[in-house]
1. Considering A:Arg344, A:Arg321, A:Arg351, which residue is of a type in the set (Lys, Arg) and over 20 Å from the mean Cα position of the chain (by Cα)?
2. Answer yes if at least one residue in the range A:221-237 is among the small types (Gly, Ala, Ser), surrounded by fewer than 24 Cβ atoms within 10 Å (Cβ to Cβ) and either closer than 22 Å to A:Ser121 by Cβ or within 17 Å of the chain's Cα centre (by Cα) (or both), and no otherwise.
3. If we keep just the residues of the range B:95-127 that are of a type in the set (A, V, I, L, M, F, W, C) and within 16 Å of ligand 3 (Cβ to nearest atom), which is surrounded by the most Cβ atoms within 10 Å (Cβ to Cβ)?
4. Within the bounds of the range A:325-332, is there any residue that is buried (at least 18 other Cβ atoms within 10 Å of the Cβ) and touching a His at 6+ places or on another chain (Cβ under 7 Å)?
5. Residue pairs, Cβ under 8 Å, 6 or more apart or interchain, first in the range B:37-48 and without any contact (Cβ under 8 Å) to a residue 24 or more places away in the chain, second open to solvent by 70 Å² or more (accessible area, probe 1.4 Å) and within 7 Å of ligand 2 (Cβ to nearest atom). List them.
6. Considering the range A:225-248 alone, what residues qualify as being β-branched (Val, Ile, Thr) and in a loop (DSSP other than H, G, I, E, B)?
7. In the range A:135-182, how many are open to solvent by 20 Å² or more (accessible area, probe 1.4 Å), aliphatic (A, V, I, L, M), under 17 Å from the mean Cα position of the chain (by Cα) and within 14 Å of chain B (Cβ to nearest Cβ)?
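The values are calculated or read from the model by the stated rules, or taken from the named source; none is laboratory data. Predicted model only: the values in this text are computed from it and were never measured. Neighbour counts are summed over all protein chains in view; Cβ atoms, including those assigned to glycine, are modelled from backbone coordinates with ideal geometry. Please note that ligands, DNA and RNA were not included when accessible areas were found on the heavy atoms of the full protein model with its side chains. Shrake-Rupley method; radii C 1.70, N 1.55, O 1.52, S 1.80 Å.
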Amino acid sequence: MFMKHFRLIIIGGGPAGLSAAKIAAESGVKSLIIERDFKLGGQLVKQTHMFFGSEKQYAKTRGINIAKILINDVEQNINMITVMKNTTVVGLYEDNVLTVLQGETYTKISFDSLVVATGASEKFLAFENNDLPGIYGAGAVQTLMNVHGVLPGEKVVMIGSGNIGLIVSYQLLQAGVNVLKVLEAAPTIGGYKVHASKLKRLGVDILTNHSIKKAIGKDKLEKILVSELDDKWEFIEGSEFEIETDALCISVGLSPMGNLLSMIGAEMKYISKLGGLVPVIDHHHETTIKNIYVAGDVCGVEEASSAIVEGYLTGLLVSERLGFRHKDFDNLYDDYNSQLDNLRSGPFGVRTLEGLQELRGERNVK
Amino acid sequence: MLNKTGVPTLEEIKSRFPKKGLLIKHKAITECYEEIPCNPCATSCPFNAIHIGEDINTPPKVDFNNCVGCGICVYSCPGLAIFTVEEHSDHLRFKIPFEFVPYPKQGETWHGVNRNGDIITNVDILKVSITEKYDKTALIEVKVDKEFIHDFVTIRRIT
Ligand SMILES: Cc1cc2nc3c(=O)[nH]c(=O)nc-3n(C[C@H](O)[C@H](O)[C@H](O)COP(=O)(O)OP(=O)(O)OC[C@H]3O[C@@H](n4cnc5c(N)ncnc54)[C@H](O)[C@@H]3O)c2cc1C
Ligand code: SF4
Ligand code: SF4
């Protein structure tokens, strides 16, 4: 059977994948973006809030509008970039071949180079009855609300005070949902304090050193049992109390989605500062499997701002390896690297830097 | 405090206000205490009055001599961490960001709320600005009693 071939395939149409395709196109490399969702944009399409970061990476623009800009960049390049939506990459093999599932049809496609930009998936939290209806991940709540316009309930308790937990709580309030409490197991708030202050002035308490012990309800969530935690993250006996709620939203972090890379035997390392299991990569963002590159949250959970710049950088490097050197290569290379350095220099970004050092034993490999 | 509850201390709050006498015209107060990779306040100010500098993680610093109190940074800040304040002989005027619909209307009375989320007073809505450029963050000018200069932070509809 005749197999379709592309010089460059990009798995994932989030900010990292879209940016990689754009710079590849500018360099003269035609590519195929494969996206399992019905639309491009990745996590961004769910974000109705203004973004942080520098204006270079579209800060203060709402996530959903950043998605529009990036998608538009890709659509401008219709001759250079092919897009397959509603298509999931299910297999990755040696000899530069991958399998996609489209509806019920499996197809094989081959490539010279591959960029894996599959993003990250939400972590679960183990507690009694965590499968009761009314318990959602933060991503699901955002999709329900911001993409489909459906509310998860009238009242909700948020578990996790990282940026996602704080932002989704704020979006729930904007949608008219009563956010009862934000629970945080750690002794301090995880996300940016400006987000926390925003919630607090709206009357939402953030309880640090607290977590859920179990969910209670017959056919659906009715209440939760909350307990205080000590410094060793152990529940403190006798500190339990109940909160009546009809929804629970869980936002305890993301982990990189590198299962396709594991499948093909790329070397992976567990680095908690990067969110979990991440591929080992070199300065060109190439994994230990030749011609397979990564960009964005899949190689360390960060932010859209860094995913965009990483996408650009990877697109630039992959194209050069393919023999298509961008006419402005040197300037862009320096610019992208300094943007990434800058983003990763504060107390939040330093986690990523340290994680990357752990990954490669040196600075700025990602 | 800020780390555990999201509420800054009075000291922290005061540290962002200018010296006495400068508030005869609206000035921007940036309640952004933490090093985060963010800078739209600085890049949005047409008068170069907010300084962050090379390292995007540096917290913003307002040059009160350059700030004209226009409020552009107020609706540009994704953290909703900036407001402006102006002192009159018998009241204060604040310009605050607001993202809940329906927006207030000029002439209405709303509750005034502190950083803890408690209602502390009633305030008059003087002006509501929202255009395409504001991208859904309205700029609301309110009249507040003088004693609440370090307490007032937002408004809540009276129900
Ligand atoms: C609530 C929330 C708030 C946020 N706020 C900010 C913010 O203020 N500022 C900021 O900079 N960042 C923010 N982020 C983070 C930002 O959205 C992510 O870091 C960014 O989207 C990561 O980009 P990515 O391209 O690596 O991955 P993603 O956006 O996750 O995109 C990956 C894409 O790959 C697709 N995919 C995965 N597997 C396959 C497969 N096998 N086959 C085909 N397609 C596949 C997915 O469907 C998805 O579209 C926020 C995130 C959340 C959830
Ligand atoms: S109020 Fe206007 S002049 Fe003052 S800092 Fe903000 S944007 Fe600049
Ligand atoms: S835009 Fe707002 S959150 Fe960002 S640095 Fe400026 S004041 Fe802080």
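1. Criteria check complete, one pass: A:Arg321.
2. There is no residue in the range A:221-237 that is among the small types (Gly, Ala, Ser), surrounded by fewer than 24 Cβ atoms within 10 Å (Cβ to Cβ) and either closer than 22 Å to A:Ser121 by Cβ or within 17 Å of the chain's Cα centre (by Cα) (or both).
3. B:Ile96
4. So far as the range A:325-332 goes, yes, one or more of its residues are buried (at least 18 other Cβ atoms within 10 Å of the Cβ) and touching a His at 6+ places or on another chain (Cβ under 7 Å).
5. Pairs that qualify, where the first residue is without any contact (Cβ under 8 Å) to a residue 24 or more places away in the chain and the partner is open to solvent by 70 Å² or more (accessible area, probe 1.4 Å) and within 7 Å of ligand 2 (Cβ to nearest atom), are B:Phe47/B:Val68.
6. Answer for the range A:225-248, where residues must be β-branched (Val, Ile, Thr) and in a loop (DSSP other than H, G, I, E, B): A:Ile236, A:Thr245.
7. Of the residues in the range A:135-182, 1 are open to solvent by 20 Å² or more (accessible area, probe 1.4 Å), aliphatic (A, V, I, L, M), under 17 Å from the mean Cα position of the chain (by Cα) and within 14 Å of chain B (Cβ to nearest Cβ).
Conditions tested, residue by residue: (1) more than 13 Å from chain B (Cβ to nearest Cβ); (2) in contact (Cβ under 8 Å) with a residue 60 or more places away in the chain.
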| site | (1), (2) |
| --- | --- |
| A:Gly296 | yes, yes |
| A:Gly300 | yes, yes |
| A:Leu317 | yes, no |
| A:Gly323 | yes, no |
| A:Asn331 | yes, no |
| A:Asp335 | yes, no |
| A:Leu340 | no, no |
| A:Ser345 | no, no |
